[in-house]
1. Considering each of Arg97, Arg126 in turn, give the residue that is more than 14 Å from the chain's Cα centre (by Cα), open to solvent by 30 Å² or more (accessible area, probe 1.4 Å) and under 25 Å from Ala49 (Cα atoms).
2. Checking the structure you have, find out if any residue of segment 72-86 is small (Gly, Ala, Ser) and touching a strand residue (DSSP E or B) at 6+ places or on another chain (Cβ under 6 Å).
3. Test each condition in (1) in contact with a Lys or Arg (Cβ under 9 Å, 6 or more places away or on another chain); (2) aliphatic (A, V, I, L, M); (3) closer than 22 Å to Asn70 by Cα for Leu120 and report the one that comes out false.
4. So which residues in segment 80-89 are touching a residue at least 40 places away in the same chain (Cβ under 8 Å) and either under 10 Å from Ala106 (Cβ atoms) or open to solvent by less than 10 Å² (accessible area, probe 1.4 Å) (or both)?
5. Sort out which residues of segment 11-57 are more than 21 Å from Leu181 (Cβ to Cβ) and touching a helix residue (DSSP H, G or I) at 6+ places or on another chain (Cβ under 7 Å), and write them in order of number.
6. Pairs only if they're at least six apart or on different chains, beta carbon under 6 angstrom, first in segment 150-176 and over 14 Å from Glu134 (Cα atoms) and open to solvent by 70 Å² or more (accessible area, probe 1.4 Å), second in a helix (DSSP H, G or I) and hydroxyl-bearing (Ser, Thr, Tyr); list them, first residue then second.
7. Return the total of residues in segment 35-61 being touching a residue at least 60 places away in the same chain (Cβ under 8 Å), part of a strand (DSSP E or B) and among the aliphatic types (A, V, I, L, M).
8. Taking helices (runs of 4 or more DSSP H) that fall entirely within segment 62-172, which contain at least 1 residues that are of a type in the set (Gly, Ala, Ser)?
Amino acid sequence: MQAFRDAVADWAAGSPGERAKELAVRLRVRTAVLLEGPSDLAAVETLAARRGRDLPAEGVCVMSMGGAMNVGRYTDLLGPPGLGLRLAGLCDEREQRYYDRALERARAPRQGFFVCTTDLEDELIRALGVPRIEEIVQAEGDLPAWQTFTRQPAQQGRSPHQQMRRFLGTKKGRKIRYGHLLTEALDSGRVPAPLDDLLASL
């Protein structure tokens, strides 16, 4: 399935799509889950694993589009105008109009897409609470970096929630790592609704 992801990314970047088409048939891909970035992908895959789901075996490919502005390209390639896959995914509230426009143009149903109020990191922080996330940060050895970050002048006047959301995005790879860790730490009844609804729809 990673080979299919790579082939689709190459196709979206302008390469021929034969490889992606061949793999879609061979792997029996039926659904493409479109996510803005790799941290969202880490969260979806982590929750699926927690619930005993093997998405690739089910014909579900979860992929990062490299930014919400690429949604039109991916819906054209993977939806009804292209491979004819069922489309699903998450989007941030501020970018919902781009998704709506892309899905309408591709003549793809809107039902499989779920909206995060700000973004998925924000949903996870609200679900866990900053004190619980601080425990995870400490266990990961990032507590000194977090404490230094909160003392910066630019962070004064911001709520702990806002500070944590900004902190998770300050170092390359941190959002991806914590996308997995925060999702892994969720109580079963505290999974953010967009993430929970997405997985239930697949």
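1. Arg126 is the lone residue from the list that is more than 14 Å from the chain's Cα centre (by Cα), open to solvent by 30 Å² or more (accessible area, probe 1.4 Å) and under 25 Å from Ala49 (Cα atoms).
2. Within segment 72-86, one or more residues are small (Gly, Ala, Ser) and touching a strand residue (DSSP E or B) at 6+ places or on another chain (Cβ under 6 Å).
3. (1)
4. Scanning segment 80-89 gives Gly82, Leu87, Ala88, Gly89.
5. Of everything in segment 11-57, those that are more than 21 Å from Leu181 (Cβ to Cβ) and touching a helix residue (DSSP H, G or I) at 6+ places or on another chain (Cβ under 7 Å) turn out to be Trp11, Ala12, Gly17, Arg19, Ala20, Leu23, Ala24, Leu27, Val29, Ala32, Leu34.
6. Every condition considered, the pairs that remain are Lys175/Ser39; Ile176/Ser39.
7. Total meeting the criteria: 1.
8. Counting at least 1 such residues, we get 71-78, 96-105, 120-128, 130-139, 143-150.
The values are calculated or read from the model by the stated rules, or taken from the named source; none is laboratory data. Bear in mind the structure is a predicted one, so any value in this text is a computation, not a measurement. For neighbour counting, all protein chains shown are included, and Cβ atoms are generated from backbone atoms with ideal geometry for every residue, glycine included. When the accessible area is computed, the model is the full protein with side chains, heavy atoms only, and any ligands, DNA or RNA have been set aside. Shrake-Rupley method; radii C 1.70, N 1.55, O 1.52, S 1.80 Å.
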